[in-house]
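All remarks here apply to the structure that follows.
The values are calculated or read from the model by the stated rules, or taken from the named source; none is laboratory data. Please read all numbers here as calculations on a predicted model, not as lab measurements. Heads up, the Cβs are rebuilt from the backbone with ideal geometry, glycines too, and the neighbour counts pull from every protein chain shown.
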Amino acid sequence: MTLAVANPATGETLARLPSDDAAAIAAKHRRARAAQPRWAATPIDDRLAALGRFRALAVSRAEELAKLLTTEVGKPIAQSRNELKGLVARIDFFLAESPPVLAAHTVHAEPDGSLEERISREPLGVVANVSAWNYPWFVGSNVFVPALAAGNAVLYKPSEFACLTGLEIARMMAASGVPEDVFVPVVGAGDAGAALVEQPVDAIFFTGSAATGERIARATAGRMVKLQLELGGKDPVYVCDDVEVERAAASVADGAFYNTGQSCCSVERVYVNERIFDRFVEAFVAEVRGYSIGDPMDESTYIGPLARAAQIEVLESQVADAVAKGATVLTGGRRLARPGNWFEPTVLAAVDHSMSVMRDETFGPLIGLMPAADDDAAVALMNDTPYGLTAGVFTPDRERARRILERVRAGSAYWNCCDRVSPRLPWSGVGRSGIGLTLSRAGIEAFTRPKAWHLRSAC
């Protein structure tokens with residue numbers, strides 16, 4: 001059984017990789033299970049030194065790795081370079097923060113020394129990491145770097161759409177001194193992911209669609225394993241009537257169309273105060289029409305192909321549904337007639353919440369713009385969704401933004417920005433956007449279990 005890897009910009013087959021079947025995945029789990037105790041017993045300084053060498057390899061090979069990423073997922077080369085550059089800051093955060101987070105500490109001690117209460121942190125064991133294709137370096141490192149730092153073994157399944165990058169990550173880990181039985185890649189499509197989830201692992205960290213996350217939750221029910229699900233979003237932005245219209249339009253458009261709209265936290269719904277709606281729409285459409293579409297290896301390209309051919313049908317369906325219900329296509333609206341997976345950057349107006357483009361995850365270069373009567377109306381629209389990943393407000397008034405955002409159900413709140421992730425802040429969702437978290441100090445603790453120590457000096 002083989003996995004075909006294609007270039008989404010051309011349709012050309014890049015590689016055919018042998019896929020892991022259920023027996024092979026079970027064998028990989030046994031290897032990881034046997035190797036994990038020795039890795040956990042390795043001094044933390046040595047574990048972090050190996051991860052530091054991995055970081056150095058990512059820096060020295062950044063251009064080569066960026067080109068590989070662009071070739072297999074279609075991400076414009078400048079954006080691939082940005083991902084590799086941002087990876088360094090994430091690893092630096094984990095290297096700096098893991099020692100204090102993972103260190104045992106005393107929380108109470110009697111003055112006479114008769115009783116001490118301490119908390120230590122132990123690794124979970126074997127972690128299954130089913131990762132994503134849209135940001136394989138970012139999304140993957142959020143899991144496997146702190147997991148390894150904490151002393152876990154990792155069964156790492158890269159997305160079938162980013163498997164060449166995933167295998168390169170595994171080779172770099174081995175070259176950096178992480179034992180090959182401690183960081184083990186699993187190759188395959190959905191069936192391989194399902195077989196991995198069935199293994200008797202200690203934790204499952206998944207990034208992907210809400211539908212797949214729900215299947216994983218059902219499959220693990222009753223097993224008492226730690227489950228982290230980073231799922232989809234239908235992320236809203238509200239533009240207040242006091243903004244500088246052209247600047248806000250450019251920022252929101254970038255939030256919607258960066259990485260060809262294929263970010264977990266891409267802007268997927270835009271609400272604009274009705275007082276400035278027409279001016280904002282005009283500026284927004286002008287910005288989108290100025291985007292360069294083409295060869296993702298070209299330095300000037302901003303919009304590349306979709307990583308998955310099947311997503312084109314989703315976009316076509318959302319456009320057709322919206323138009324049938326009264327929406328207007330202001331620009332774009334069609335797939336491009338060329339080899340590969342191409343869709344025009346598309347802006348819709350006269351949309352409402354009866355349309356799938358305003359309800360269901362889009363994950364592509366398509367956005368709807370809708371007026372809001374006032375701030376209260378905007379909050380109601382922003383919360384009219386089962387998702388809750390991020391939400392943003394554009395206004396020069398910080399207090400106004402705070403009042404709005406504190407009423408919105410979302411794991412991350414943005415003021416005058418969007419589509420941003422920081423290693424210092426937790427990354428989490430509400431509702432169908434998932435459970436659990438990564439990043440921040442809490443995202444290091446997530447790969448451990450606390451042990452409570454009651455220490456009495458006399459028996």
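Inspection of the stretch 303-323 identifies no residue that is more than 24 Å from the chain's Cα centre (by Cα), in a loop (DSSP other than H, G, I, E, B), modelled with pLDDT of 95 or more and not small (Gly, Ala, Ser).
Pick from Leu57, Leu65, Leu69, Leu87: which is closer than 13 Å to Ile169 by Cβ and touching a Leu at 6+ places or on another chain (Cβ under 7 Å)? None of the others qualify; the one that does is Leu65. Inside the stretch 203-228, can you point out the residues that are part of a loop (DSSP other than H, G, I, E, B) and either of a type in the set (Lys, Arg) or touching a helix residue (DSSP H, G or I) at 6+ places or on another chain (Cβ under 8 Å) (or both)? Passing the criteria: Thr220, Arg223. Looking at the stretch 409-420, which of its residues are modelled with pLDDT of 95 or more and surrounded by 19 or more Cβ atoms within 10 Å (Cβ to Cβ)? Within the stretch 409-420, Ala410, Gly411, Ser412, Tyr414 meet the criteria. Residues that are without any contact (Cβ under 8 Å) to a residue 24 or more places away in the chain, surrounded by 15 or more Cβ atoms within 10 Å (Cβ to Cβ) and in a loop (DSSP other than H, G, I, E, B) within the stretch 421-444 comprise Leu425, Pro426, Ser440, listed in sequence order.
Yes or no, residue by residue, for (1) among the polar types (S, T, N, Q); (2) crowded, with 20+ Cβ neighbours inside 10 Å; (3) within 30 Å of Val88 (Cα to Cα):
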{"residue": "Gly368", "(1), (2), (3)": "no, yes, no"}
{"residue": "Ala372", "(1), (2), (3)": "no, yes, no"}
{"residue": "Arg403", "(1), (2), (3)": "no, no, no"}
{"residue": "Ala446", "(1), (2), (3)": "no, yes, yes"}
{"residue": "Trp453", "(1), (2), (3)": "no, no, no"}
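Counting the residues of the stretch 228-250 that are farther than 12 Å from Pro396 by Cα and surrounded by 19 or more Cβ atoms within 10 Å (Cβ to Cβ) gives 12. Out of curiosity, is Arg38 in a strand (DSSP E or B), surrounded by fewer than 14 Cβ atoms within 10 Å (Cβ to Cβ) and not polar (S, T, N, Q)? Taking the combined requirement at face value, the residue does not satisfy it. Within the stretch 188-205, the residues that satisfy the criterion of being surrounded by 20 or more Cβ atoms within 10 Å (Cβ to Cβ) and either under 11 Å from Ser159 (Cβ atoms) or small (Gly, Ala, Ser) (or both) are Gly188, Ala192, Gly193, Ala195, Ala203. If you go through the stretch 70-89 one residue at a time, do you hit one that is surrounded by fewer than 24 Cβ atoms within 10 Å (Cβ to Cβ), within 26 Å of Asp45 (Cβ to Cβ) and of a type in the set (Lys, Arg)? The answer is no; no qualifying residue exists. Residue check, Asp181 against (1) assigned by TED's automatic domain parsing to the domain that holds Ile312; (2) buried (at least 16 other Cβ atoms within 10 Å of the Cβ); (3) among the acidic types (Asp, Glu), all met but one. Which one? Here Asp181 meets the rest and fails (1).
For the stretch 232-262, residues that are at pLDDT 95 or above and assigned to a loop (DSSP other than H, G, I, E, B) total 8. Filtered by the rule that a residue be in contact with a helix residue (DSSP H, G or I) (Cβ under 7 Å, 6 or more places away or on another chain) and not hydrophobic (A, V, I, L, M, F, W, C), the stretch 269-304 gives Arg269, Tyr271, Arg279, Glu287, Tyr291, Pro296, Glu299, Gly304. Please verify whether the stretch 36-46 includes one or more residues that are of a type in the set (Ser, Thr, Tyr) and farther than 20 Å from Asn142 by Cα. Yes, some residue in the stretch 36-46 is of a type in the set (Ser, Thr, Tyr) and farther than 20 Å from Asn142 by Cα.
All of Ile169, Ile204, Ile119, Ile216 fail the test of being at pLDDT 95 or above and either more than 30 Å from Ala49 (Cα to Cα) or not assigned by TED's automatic domain parsing to the domain that holds Ala22 (or both), apart from Ile216.
Give me the strands (runs of 3 or more DSSP E) completely within the stretch 90-202, filtered to those with at least 1 residues that are of a type in the set (Lys, Arg), ordered by residue number.
Passing ranges, in order: 115-123, 153-157.
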